[in-house]
Amino acid sequence: MTVPLLKVDNLAVEFGPKANPIRVVDGVSFEITAGGAVGIVGESGSGKSITSLSILRLISEPPGRIVQGRIEFNGVNLLELPRSKMPDIRGRDIAMIFQEPMSSLNPVMTIGDQIGEAIKLHEAMTGEERRARVIEMLRLVGIPDPAGRLDAYPHQFSGGMRQRVMIAMALACNPKLLIADEPTTALDVTIQAQVLDLMHKLRRTLNTAVLLISHDLGVIADVCERVVVMYAGRVVEEADIRSIFRTPQHPYTRGLLQSIPRLDDDRDRLYQIPGSVPLAGSVKKGCPFYERCSLRIEKCMNKMPPMFSFGPDQRAACWVTASQADAKEKEAALQ
Amino acid sequence: MARYLLLRLADAVPTVLLVLTLVFIAMRILPGDPAIAALGDMATPEQLEIFRERMGLNAPLWQQYIDFVWGMLTLDFGTSLMNNQSVLRLIGYNLPYTIELTIVAMILGVGSGIPLGVLAATHRNKAADSAVRGFSLLGYAVPDFYLGALLLITFSLNLGLFPINGGGEGFLDRMHHVFLPAVTLALVKAAFIGRLTRTSLLEVFGKDYIRTARAKGAREPRVIYRHGLRNALLPLTTGIGLSTLATLSGSVAIELVFNRPGIGKLLISAISERDYAVIQGGVVIFAMFVVLINLMMDLVYIVVDPRIRVQ
């Protein structure tokens, strides 16, 4: 097997005072291969954004800190790099776009200057070359009349256009990995489809690996090959897109899938998982999904399940479904 | 943009008229008869009558009002009741000293306040931050006339490093004279601007575009100055404008303490001598400065905030 482009291993992030920390990300592991696309799905507060920010070490310290784990990029553990080396990685090797296109651009700098800055920080180019690259990037993300819009300010752009500008800025230095934290959440549905289309197209043309963070499984299915499902700061299931939709193994994933509205729905009410996500760090032992789980057994309350394998491409952390699968397997072996 | 400027300018007109009206009313309801004030208790009724006739005090009120506003707008402030000098000339002599004091104080105050604010914001809750906050508190708490006297006694009287009074002749000498009074005023400015810079910077640091700047690989100095301070300038502009106005009025006490010429000093002595014409002229000039500084602030906004520029 090839060395993954990004390998997150047993990552844990804590917030708050050291004496009484709140662990918002706990033991998260996943990998992305070069050119691959992985999605992280989860509700608000599941730790998915914190996980993505940790990769670039963009969590503000204090109050947050990464307390354990490795984040290997091209074989180098980013967490061991001196802080002063991180700006060289950011934007050049790993770029990031954010959820709020309305507020993620600097209001007092022109679009051209902001994209140009990303290039200037990492590549030696003359002003002319840089300008040409900025125009090229703007054209690539589908901004009409790119040369004429260089001197425009963010407030003159709509939300969808700003997210395109963000993408242009992120991809200006040809990063190997693009982290997109809820890139379409703040956009309306048609614009959302356009931006996803764009990400598709760019992935193909530039061969950039993508880590897509979203609460929307549909969005992730659109772009990614693999999915990591997070719940209360932990990975509860990880699988390729097909298996997640066909044979979800964690009760939480099943709940998520059931709550997606469908065109052929004849349900009166959409399904909802009872209860709500536990407060970050409030689950000290056992499965974090215990309170809301329909399959729970006594063991779940006391012991956090490890990740069990369900076939070659799927792993999930559930005692119950793992033992069911186990039984099925034994049955099949007996016959 | 031209429209914006015209609107600002049009806004200033009613302000000026309102100020003139208020000054006019204030001068009429002041206790005491200006004629008696000017000529003294020993003046005969005939003398008073002649004086009133000459000053236009017998004309109907609306006539006086129109004459007054017209006079002010044409810079005809009349003559001082005390020494018969033209008020315009008195103001013309004193005004440069006040402007000089205000400008130097603002340069010192803003020039030290902004770096202090940046230092505090980037070292939030650490020693440097506490030191700056302590300094701000001190700057707010110490009255400027007291600080002025303190500096005057220490550096001028005891150490002899700076002149004790006067405005000075020639550029270098004037700067030498203006330094201590300017430092006095600047301390309060620095405290205010430093505090304001800290607050606005900290607010800006929490914004999404700061995270974006870091995510694209900008190093901290660039994040702080190009992205942070540049955006913090918007609220700072307002603060600096207000602070300039406060410096202008603060100069009244400081000019008195350092015994240097200036509009403030002129006003104070005019008030104590009931020199109505000079008081009137001085107050109007002060008010005009307020209007002028507000206009200048509007201009600076255009430079600082592209969102205004385009509308």
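The values are calculated or read from the model by the stated rules, or taken from the named source; none is laboratory data. This one's a predicted model, so the numbers in the text were calculated from it and none came from an experiment. Note that each Cβ is placed from the backbone with ideal geometry, even for glycine, and that neighbours are counted across all protein chains shown. Accessible surface is based on the protein model in full, side chains and every heavy atom, while ligands, DNA and RNA are left aside. Shrake-Rupley method; radii C 1.70, N 1.55, O 1.52, S 1.80 Å.
Per-residue SASA remark: B:Asp298, around 30 Å² accessible (1.4 Å probe; ligands, DNA and RNA not included).
Once you reduce the range B:182-236 and the range A:98-145 to the center of their Cα atoms, the two points are 23 Å from each other.
If R0 is taken as 41 Å, the Cβ-Cβ distance between A:Ala193 and A:Lys85 corresponds to a FRET efficiency of 0.60. Taking 7 Å steps out from each Cα toward its Cβ at A:Glu329 and A:Arg204 produces label points 3.8 nm apart.
Divide the volume of the convex hull around the Cα atoms of the range B:2-73 by the residue count and you get 89 Å³ per residue. Surface composition of the range B:5-90: carbon and sulfur atoms hold 67% of the protein heavy-atom accessible area at a 1.4 Å probe.
Which loop trypsin sites (Lys or Arg not before Pro) in the range A:1-66, with loop taken from DSSP, have no more than 14 other Cβ atoms within 10 angstrom of their Cβ? Those satisfying the criteria are A:Lys18. Given their separation in residues at 0.36 nm each and the Cα-Cα distance between them, B:Arg219 and B:Asn58 gain 50.7 nm when the chain is fully extended.
When each full DSSP H helix of chain B is screened for a Cα extent of at least 24 Å along its own axis and an average Kyte-Doolittle hydropathy of at least -1.0, the helices passing are B:2-29, B:87-122, B:171-205, B:230-257, B:276-304. Given in Å, the Rg to one decimal and the Dmax to the nearest whole number for the Cα atoms of the protein assembly as shown are 35.2, 134. The label point for B:Met27 and the one for B:Ala246, both projected 7 Å from the Cα toward the Cβ, are 3.1 nm apart. Just to confirm a number: summing +1 for Lys and Arg and -1 for Asp and Glu over residues other than A:Gln99 whose beta-carbon lies under 9 angstrom from that of A:Gln99, what do you get? Surrounding charge for A:Gln99 is -4. Cβ-Cβ distance of A:Asn10 and A:Leu295, R₀ of 41 Å, FRET efficiency by 1/(1 + (r/R0)^6): the value works out to about 0.95. Relative to the first principal axis of the alpha-carbon coordinates of chain A, what is the inclination of helix A:319-334, with its axis defined by its Cα atoms, in degrees from 0 to 90 and to the nearest 10? Taking the Cα atoms of chain A, the angle to A:319-334 is about 70 degrees.
Set against the 2.2 N^0.38 Å expectation for a compact globular protein, chain B has a Cα radius of gyration ratio of 1.22.
Computed about the Cα centre, the dipole magnitude for the protein assembly as shown is approximately 1880 debye when only Lys and Arg (+1) and Asp and Glu (-1) carry charge, each at its Cβ.
What do you get for trypsin sites (Lys or Arg not before Pro) in the range B:189-246 restricted to DSSP loop and a cutoff of at most 15 other Cβ within 10 Å of the site's Cβ?
Sites meeting the loop and neighbour criteria: B:Arg219.
Helix A:189-206 axis versus longest C-alpha principal axis of chain A: approximately 80°, rounded to the nearest ten. Considering only Cα-Cα distances, which of the following residue pairs are longer than 28 Å: B:Lys126/B:Lys189; B:Lys189/B:Lys216; A:Lys48/A:Lys303; A:Lys285/B:Lys207; A:Lys7/A:Lys328? Over 28 Å Cα-Cα: B:Lys189/B:Lys216; A:Lys285/B:Lys207; A:Lys7/A:Lys328. Relative to one another, the C-alpha centroids of the range A:271-314 and the range B:136-159 are positioned 67 Å apart.
Here the contact order of the range A:1-112, divided by its residue count and restricted to Cα pairs under 8 Å and six or more residues apart, works out to 30 percent. Reducing the range A:60-92 and the range B:38-76 to their Cα centroids gives an inter-centroid distance of 80 Å.
In the context of the full set of protein chains, residues of the range B:88-310 present 43 Å² of accessible surface per residue (probe radius 1.4 Å, heavy atoms only). Per-residue mean of foreign Cβ neighbours for B:233-241 is 0 (Cβ atoms of other chains, 10 Å radius). Peptides B:164-175, A:218-229, ordered by how many other C-beta atoms sit within 10 Å of their residues on average, highest first, read A:218-229, B:164-175. The packing ranking of peptides B:249-258, B:133-142, highest mean first, is B:249-258, B:133-142, where packing means the average number of other beta carbon atoms within 10 angstrom of each residue. Evaluated with a Cβ-only charge set (Lys, Arg +1; Asp, Glu -1), chain B carries a dipole of roughly 2160 debye about its Cα centre, given to the nearest 20. Estimated from the Cβ-Cβ distance and a Förster radius of 51 angstrom, the FRET efficiency linking B:His176 and A:Asp151 is about 0.65. Over all other residues within a Cβ to Cβ distance under 14 Å of B:Gly168, the charged ones net out to -2, with Lys and Arg as +1 and Asp and Glu as -1.
When chains A and B come together, the accessible area they lose, probed at 1.4 Å and totalled over both chains, is close to 2300 Å². With an a/c value of 1.5 or above and a/b larger than b/c for the gyration tensor axes a ≥ b ≥ c computed over the alpha-carbon atoms, chain A is described as prolate.
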